[in-house]
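Here's the structure we're looking at; comments come further down.
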Amino acid sequence: ANENKSYWDKYGHYFLSGTLITLALAVVAVLIGTTLGTIFALLKLSSSFLLRAIGNIYVEYVRGTPLLVQAFMVFFGAQVLGLNLSAFASGALAMGLNSAAYVAEIIRSGIESVDDGQMEAARSLGFTKNKTMRLVILPQAVRTILPALGNEFVSVIKEGSVISVIGVGELMYETSVVQGASFEPFVPLIITSLIYFVLTFSISRALGFVEKRMNR
Ligand code: ARG
């Protein structure tokens, strides 16, 4: 009976659950990434040498080592520490910690892209540093930060494929399952690449739309 089932009936659910896990990984990773990334951006912009050093070391170290290595480090590191993290939690955490370094740079450069004159003008009008940041600098920085964060979300969806190595059943992991079960390695890859493409292309289209509206 199995021979008469269509490809979709036999393997569709692998692609479906893989896609859902891939999206879930990306969403959790971006939430962790933007939260920690904001903190590291503020550290990098701090007037304290020590805080700046911490921000710089984190960002350079994370961006200078492969996500593949980081994923294994979080997965096995959690075991060494006696933490009972699931593969999904380890994977999402590794991706979030990785993304934080990239987000920190996005936020730092967004804030620095706002002309210094804005800070000086607001300060001379009697705004405190904090108020200037919140009411003058950030609203302008958001215009460059938001689109870049959208691109980061797209990157994170694609980079999530690396997380298959620690056994998270995301799209790339389920693809290998189908490759094994069907004794056919190529077709599943075509399907998977199309799924990734539909995800990333529709997100970047949606972002372009939001960007256009923001600039009006
Ligand atoms: N391919 C890179 C690596 O192996 C990961 C880059 C992650 N990029 C990102 N924007 N979060 O390290």
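Brief remarks follow.
- Residues located in the stretch 101-117, provided they are more than 30 Å from residue 65 (Cα to Cα) and either surrounded by 14 or more Cβ atoms within 10 Å (Cβ to Cβ) or within 11 Å of the ligand (Cβ to nearest atom) (or both): 114
- Pairs, first more than 16 Å from residue 155 (Cα to Cα) in the stretch 203-216, second among the basic types (Lys, Arg) and surrounded by 10 or more Cβ atoms within 10 Å (Cβ to Cβ), C-beta under 7 Å, six or more apart: 214/143
- Selection count where residues are hydroxyl-bearing (Ser, Thr, Tyr), outside any loop (DSSP other than H, G, I, E, B) and more than 12 Å from the ligand (Cβ to nearest atom), scope the stretch 24-75: 3
- Residue match in the stretch 176-198 (condition: under 24 Å from residue 66 (Cβ atoms), within 16 Å of the ligand (Cβ to nearest atom) and touching a Phe, Trp or Tyr at 6+ places or on another chain (Cβ under 9 Å)): no
- In the stretch 71-82, the qualifying residues are those that are closer than 18 Å to residue 29 by Cβ and more than 19 Å from the chain's Cα centre (by Cα), and the one that is surrounded by the most Cβ atoms within 10 Å (Cβ to Cβ) is 78.
- Single residue of 209, 183 found to be more than 25 Å from residue 143 (Cβ to Cβ) and exposed (fewer than 12 other Cβ atoms within 10 Å of the Cβ): 183
- Verdict on residue 95 being within 16 Å of the ligand (Cβ to nearest atom) and surrounded by 21 or more Cβ atoms within 10 Å (Cβ to Cβ): yes
- Residue within the stretch 143-150 that is at pLDDT below 95, more than 15 Å from the ligand (Cβ to nearest atom), loosely packed, with under 15 Cβ neighbours inside 10 Å and over 15 Å from the mean Cα position of the chain (by Cα) present: yes
- Subset of the stretch 83-92 that is modelled with pLDDT of 95 or more and of a type outside the set (A, V, I, L, M, F, W, C) - its residue that is nearest to the ligand (Cβ to nearest atom): 91
- Helices (runs of 4 or more DSSP H) fully within the stretch 88-171 that include at least 1 residues being without any contact (Cβ under 8 Å) to a residue 60 or more places away in the chain and β-branched (Val, Ile, Thr): 129-132, 138-159.
- Scope the stretch 118-141; condition surrounded by 15 or more Cβ atoms within 10 Å (Cβ to Cβ) and not polar (S, T, N, Q); matching residues: 119, 122, 127, 133, 136, 137, 138, 141
- Unmet criterion (only one of (1) closer than 17 Å to residue 104 by Cα; (2) free of Cβ contacts under 8 Å to residues at least 24 places away in the same chain; (3) part of a helix (DSSP H, G or I)) for residue 9: (1)
- Residue check, residue 88 open to solvent by less than 60 Å² (accessible area, probe 1.4 Å), in contact with a Leu (Cβ under 8 Å, 6 or more places away or on another chain) and among the aromatic types (Phe, Trp, Tyr): no
The values are calculated or read from the model by the stated rules, or taken from the named source; none is laboratory data. The model shown is predicted, which means the values in this text are computed figures rather than measured ones. Virtual Cβ from ideal backbone geometry, glycine too; neighbours counted across all protein chains shown. Accessible surface is based on the protein model in full, side chains and every heavy atom, while ligands, DNA and RNA are left aside. Shrake-Rupley method; radii C 1.70, N 1.55, O 1.52, S 1.80 Å.
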